[in-house]
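Peer 1: Please see the structure below; I have some questions.
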Amino acid sequence: MEYRKLGKSGTFVSLLSFGSWVTYSNQVDTKLSEKLMSLAYERGVNFFDNAEVYAQGESEVIMGKSLKRLSWDRDTYMVSSKVFWGGKLPTQRGLNRKHLVEACHNALDRLQVEYLDLYFCHRPDPDTPMEEIVTTMNHLMAQGKIFYWGTSEWSADQIMEAHAVARDLRLVGPTMEQPQYNLFHRQKVEKDYKRVFETVGIGTTIWSPLASGILTGKYNKSIPKGSRMSLEDFSWLKDQLESEEGQDKVRKAIELEKLAQDIGLSLTQLSLSWCLLNPNVSTVILGASKTTQLEENLSSLECVDKITPEIIEKIEDIVQNCPVQEKDWKA
Ligand code: NDP
């Protein structure tokens, strides 16, 4: 396992990490969760991602039970929660002080841990002043309830504003952002955040590296029974898959799969290795509903060397979505 610095912080996160969104559809019970988590941990994964909204808290309960039974030393792993959608009531949502604090306490209870290593604002909240978010996150840090705070799917401007407010108040700004990043979704990580990386220097814990499975090739012909897109809870993802844009992704996945096979890789390995090559990615959060999937995904670490500049060019020819960078007028 390789470990990368999380932004400008002094902490090192494993390049591959493990997320529990799949428990959203009760695909993963405590027994399987324990199996997946221990496989990841044995291979050097030190970060386990979660959120208050996954299975309405049940995902954190399952991860908490697994952590208890696995009883790893607390200083050998990191665990996160994300706050935003805690319930339907106005007091249970958003990034206001009340919800940030209560959601943190609830996550600690569900995960059965004394502190969260990483605590993310799951989405931006235009109703809450940035000062309120920054001061509350710093308050939680001072209390030892969280170690680092971050954002998820915030714009570059919002992250820069959080840092400016933190600087004014002599407080700590967000250390990491959790954006979607994969061969079909590149704009934020490769273009929008450029100045954020160059100035305040955040780390990234990227999500859906396999575009919910499209980049494994499993949807090339149909929707397999039991797969994410076949589940009722994910009918919105199925709709996306069946849209014109979704079918274009499938066509590209078929082309990418042929390219992967030419160099002795699976499409999954090619797609994950491609993410690993980006130096602004601190960790790729893996999702898996089976140990065989997780095995394959973990093996992508050994495939990175096969993604040569020539292969990257061929990938670009297929995906045709390389973000156009700002013009350098001095060049
Ligand atoms: P992926 O895009 O990698 O999708 C994972 C899913 O793809 C698996 O659950 C499985 O689904 C399928 N899959 C994975 N590996 C294989 C394989 N080798 N062969 C065949 N199928 C495979 O990641 P996720 O979308 O799960 O995202 C990863 C993590 O990121 C989440 O667990 C969560 O922690 C985080 N996340 C954060 C978000 C945010 O807003 N901050 C949003 C979404 C996720 P199946 O078996 O069901 O077909």
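Peer 1: Which condition number in (1) hydroxyl-bearing (Ser, Thr, Tyr); (2) over 22 Å from Thr175 (Cβ atoms); (3) in contact with a Gly (Cβ under 9 Å, 6 or more places away or on another chain) is the one that Tyr115 fails?
Peer 2: Status for Tyr115: all satisfied but (2).
Peer 1: Restricting to segment 1-55, name every residue that is more than 18 Å from the chain's Cα centre (by Cα), in a helix (DSSP H, G or I) and more than 12 Å from the ligand (Cβ to nearest atom).
Peer 2: Result: Thr30, Lys31, Glu34, Lys35, Ser38, Leu39, Glu42.
Peer 1: Would you pick out the residues in segment 152-169 that are free of Cβ contacts under 8 Å to residues at least 40 places away in the same chain and touching a Phe, Trp or Tyr at 6+ places or on another chain (Cβ under 8 Å)?
Peer 2: Matches in segment 152-169: Ala162 only.
Peer 1: May I ask you to list the residues in segment 243-273 that are hydroxyl-bearing (Ser, Thr, Tyr) and surrounded by 22 or more Cβ atoms within 10 Å (Cβ to Cβ)?
Peer 2: Residues satisfying the conditions are Thr268, Ser271, Ser273.
Peer 1: Shifting gears a bit: Among the candidates Leu89, Leu70, Leu39, which residue alone is free of Cβ contacts under 8 Å to residues at least 12 places away in the same chain, of a type outside the set (D, E, K, R) and surrounded by fewer than 19 Cβ atoms within 10 Å (Cβ to Cβ)?
Peer 2: When all the criteria are applied, what remains is Leu89.
Peer 1: Shifting gears a bit: Identify, please: which residue in segment 142-165 is more than 22 Å from the chain's Cα centre (by Cα) and of a type in the set (A, V, I, L, M, F, W, C) and is, among those, least open to solvent (accessible area, probe 1.4 Å)?
Peer 2: Val165
Peer 1: Can you tell which of Lys306, Lys249 is of a type in the set (Lys, Arg) and within 16 Å of the ligand (Cβ to nearest atom)?
Peer 2: Only one candidate passes the filter, namely Lys249.
Peer 1: In the list Glu296, Glu326, which residue meets the criterion of being over 21 Å from the mean Cα position of the chain (by Cα) and not β-branched (Val, Ile, Thr)?
Peer 2: After applying the criteria, what remains is Glu326.
The values are calculated or read from the model by the stated rules, or taken from the named source; none is laboratory data. Because the structure is a prediction, the values reported are computed rather than measured. Cβ: placed from backbone, ideal geometry, glycine included. Neighbour counts: every protein chain shown. Side chains are part of the model used for accessible areas, which takes the heavy atoms of the whole protein and leaves out ligands, DNA and RNA. Shrake-Rupley method; radii C 1.70, N 1.55, O 1.52, S 1.80 Å.
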